Amino acid sequence: MRTVSCIALLCLLSTAAFAQTASDRIKLDVSRAELGVIGQGLMELPYKTSAALMNNLQHQLDATDKAAKDAAEAKAVEPPKPDQESK
């Protein structure tokens, strides 16, 4: 049932609304589980239809994971700030 809801959402998003074109970029805030459901729905479509979108989503997910990892590593190696009272 959830897959049907996500496919319905994708169909809704794919229709052009007032003052929008199909090439407009939008951001969606979804959990990894919801993204998995979207991916499962896309896998039910023909490869020619969904391959580019699935690759794009995977690249975005990889970039998000890399940015989070880099931020965590930068925070971990950040030197401690000098104590203001010792001046």
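The table for this structure:
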quantity: Cβ pairs under 6 Å, 6+ apart, first in region 28-45 and among the small types (Gly, Ala, Ser), second surrounded by 16 or more Cβ atoms within 10 Å (Cβ to Cβ); calculated: GLY41/CYS6; GLY41/ILE7
quantity: Hits in region 1-52 (condition: in a helix (DSSP H, G or I), at pLDDT below 90 and among the charged types (D, E, K, R)); calculated: ARG2
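The values are calculated or read from the model by the stated rules, or taken from the named source; none is laboratory data. The structure displayed is predicted, hence computed values, not measured ones. Here Cβ is always computed from backbone atoms with ideal geometry, including for glycine, and neighbour counts include all displayed protein chains.
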